[in-house]
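Rule-based calculations on the coordinates, nothing more; no lab input. The structure displayed is predicted, hence computed values, not measured ones. Please note: Cβ atoms are built from the backbone with ideal geometry, for glycine as well, and neighbour counts cover all protein chains shown.
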């Protein structure tokens, strides 16, 4: 009957061991490295269409881009995408792709944020949501 008690004591020591590892540093929370995306609704984005200080980036394939895009948006799914970015790292940028199942705009937004851009937003509904809601589009 002593073995279960001894096993529990040994297990508790093993669980505490990682907390003691490293020894010299004081215990503190780990640094947070994950960046949070700032989402924008279609309603909010629609209010920003046409403003010179807001950049819309369409992260869809060329075929989907050719079917229509948010007015003023720049096709971002290219090899030279870094050349398309504004010089101002505080400029408001909105990224979108096809719909909520597509993550290309999330990847693009994270990439831009890692470059130091601070006002980056992502529109999850994408161009399909935009078109289905009857909002205006442009074609190349």
Next on the checklist: Under a crude label model (7 Å from the Cα following the beta-carbon direction), how far is residue 52 from residue 67 in nanometres?
Outcome noted: 3.4 nm
Next on the checklist: Give me the one-decimal nm value for the distance between modelled label points at residue 138 and residue 118, 7 Å along each residue's Cα-to-Cβ direction.
Outcome noted: 2.8 nm
Checklist outcome for this item: Binned at 5 Å starting from 0, the alpha-carbon pair-distance distribution of segment 38-132 in whole percents comes out as 3, 15, 29, 28, 19, 6, 1
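Ranked from highest to lowest mean number of other Cβ atoms within 10 Å per residue, what is the order of the peptides 56-64, 78-86?
Peptide ranking by packing, descending: 56-64, 78-86.
For a protection proxy built on the mean count of beta-carbon atoms within 10 angstrom, sort 66-76, 41-51, 109-119 highest first, please.
For the peptides 66-76, 41-51, 109-119, the packing ranking is 66-76, 109-119, 41-51.
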Checklist entry - Roughly how many whole Å is it from the C-alpha centroid of segment 107-140 to that of segment 59-97? => result 8 Å
